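Everything below concerns the one structure shown next.
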Amino acid sequence: MKRWFKHIVCSLCLLGLSGASLASENRIVSLGTGGETGLYYPTGGALCRLVNLTRQEHGIRCVVNTSPGSVANLERVSEGDLDLGIAEAGQLHDAVIQPQTVPGTELRTLFKLFPEYISIVSRRDSGVQTLDDLRGKRINIGRKNSSQEVTFKLLMAARGWQWDDFAEIHHLAPAQQADALCTNQIDVTFYVVGHPSGAVKEALRDCDSRLLSLSPIDISSLKQRNPFYQSSIISSMLYTPLEQDITTAGVSAVLFSRADLPDEVAYALVKTLFSQFDLFRAMHPAFTGLVKTDLVNGTMAAPLHPGAERYYREAGLLQ
């Protein structure tokens, strides 16, 4: 038995495996994404695919978990049900500033992703041309406790709206929104999503609908309530029916983990993406404009994970 153990140890030494790489050997990491019509789901699939393609190098296998989105991912990662999650920076920021009671459950950033935009789609025959027209209408604000609902509540607070200002409030999943709009079950759907979005494309394509711009006052109010919202533009080039760019507010999506994710695992995960960055950018139209340094610099909604930071410094990506 002792000889066998000594032989294994020596073999590993000859292979050049360090203690750090051994710690991540044959590890499975679970990644919380979102609904299939949004961008979180294909993003998680792309990230896991890159990890699994290079599994022989680091011993990690990545598994995608669908979820309702940001809020659910934040809860499940914090509780230990998931290892990784994707969330809006604004929601991640709010989760980070909440008191943490268990060491290791603090949240950490691995890297930023694409921007997400407040996207408000209305049927043209609803008479809704701006947010001022929403009162008395049937609106969808996403699932209860979703990031859609949280963001809409910020706008409500800024405008002094009450729930009874609307004819109906719906809590539809992203996959249901376009159909509900086109079949006249709702007048407006409120969505926070990266573009191009399957759900938005479906609504614009299948029924006579439009995207609405936010007013400068709405954008300013959001920025005051959460520092991670910024003025943004949805390009008319993304969707055939759009005649002009849409002015709105945006917030970055972020890949995050708990603080107790081992450093060598975080290191291997970010190295996997950044060493295959061109392949990643080719996996979805929303990724094509991403720049490595933009994903790891600037103000973070949660502190950088030490393992990720070590790779970025070695790669010269931190500025």
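Residue 265: of a type in the set (A, V, I, L, M) and under 30 Å from residue 221 (Cα atoms), yes or no? When the stated conditions are applied, residue 265 does not pass them.
Scanning the range 44-56 for residues that are in contact (Cβ under 8 Å) with a residue 60 or more places away in the chain and either of a type in the set (Gly, Ala, Ser) or touching a helix residue (DSSP H, G or I) at 6+ places or on another chain (Cβ under 8 Å) (or both) returns 46, 47, 50, 51, 54.
There is at least one residue in the range 216-226 that is under 17 Å from the mean Cα position of the chain (by Cα) and assigned by TED's automatic domain parsing to the domain that holds residue 128.
Among residues of the range 109-148 being of a type in the set (Asp, Glu) and surrounded by fewer than 20 Cβ atoms within 10 Å (Cβ to Cβ), the one that is farthest from the chain's Cα centre (by Cα) is 125.
With the structure loaded, tell me whether residue 169 is more than 17 Å from residue 122 (Cβ to Cβ) and either in the same structural domain as residue 286 (by TED's automatic domain parsing) or touching a helix residue (DSSP H, G or I) at 6+ places or on another chain (Cβ under 9 Å) (or both) or whether it fails that test. No, not satisfied.
Selection of strands (runs of 3 or more DSSP E) fully inside the range 185-245 by the criterion of at least 2 residues being free of Cβ contacts under 8 Å to residues at least 60 places away in the same chain returns 230-234. Of the helices (runs of 4 or more DSSP H) contained entirely in the range 254-319, those carrying at least 2 residues that are touching a His at 6+ places or on another chain (Cβ under 8 Å) and within 23 Å of residue 27 (Cβ to Cβ) fall at 263-274. Against the criterion of being buried (at least 22 other Cβ atoms within 10 Å of the Cβ), part of a helix (DSSP H, G or I) and either under 11 Å from the mean Cα position of the chain (by Cα) or at pLDDT 90 or above (or both), residue 71 qualifies. Of the numbered conditions (1) surrounded by fewer than 20 Cβ atoms within 10 Å (Cβ to Cβ); (2) of a type in the set (S, T, N, Q); (3) in a helix (DSSP H, G or I), residue 91 fails exactly one; give the number of that condition. Going through the list (1) surrounded by fewer than 20 Cβ atoms within 10 Å (Cβ to Cβ); (2) of a type in the set (S, T, N, Q); (3) in a helix (DSSP H, G or I), residue 91 breaks only (1).
Selection within the range 161-184: residues that are surrounded by fewer than 23 Cβ atoms within 10 Å (Cβ to Cβ) and part of a helix (DSSP H, G or I). The member of this set that is nearest to the chain's Cα centre (by Cα) is 175. When the range 146-160 is filtered for residues that are touching a helix residue (DSSP H, G or I) at 6+ places or on another chain (Cβ under 9 Å) and not in a loop (DSSP other than H, G, I, E, B), the ones remaining, listed by number, are 147, 148, 149, 150, 151, 154, 155, 156, 157, 158, 159.
Looking across the range 231-261, the residues that are over 25 Å from residue 32 (Cα atoms) and not β-branched (Val, Ile, Thr) come down to 231, 232, 235, 236, 237, 238, 239, 241, 242, 243, 244, 245.
Hey, does the range 235-245 have a residue that's modelled with pLDDT of 90 or more, more than 11 Å from residue 158 (Cβ to Cβ), surrounded by 14 or more Cβ atoms within 10 Å (Cβ to Cβ) and in the same structural domain as residue 178 (by TED's automatic domain parsing)? Checking the range 235-245: at least one residue is modelled with pLDDT of 90 or more, more than 11 Å from residue 158 (Cβ to Cβ), surrounded by 14 or more Cβ atoms within 10 Å (Cβ to Cβ) and in the same structural domain as residue 178 (by TED's automatic domain parsing).
Could you please find all residues in the range 269-295 being within 19 Å of residue 90 (Cβ to Cβ) and either among the acidic types (Asp, Glu) or at pLDDT 95 or above (or both)? Correct list: 294, 295. For the range 54-68, the set of residues classified as in a strand (DSSP E or B) and under 14 Å from the mean Cα position of the chain (by Cα) consists of 64, 65, listed by residue number.
The values are calculated or read from the model by the stated rules, or taken from the named source; none is laboratory data. As the structure is a prediction and not an experimental result, all values here were calculated from the model. For neighbour counting, all protein chains shown are included, and Cβ atoms are generated from backbone atoms with ideal geometry for every residue, glycine included.
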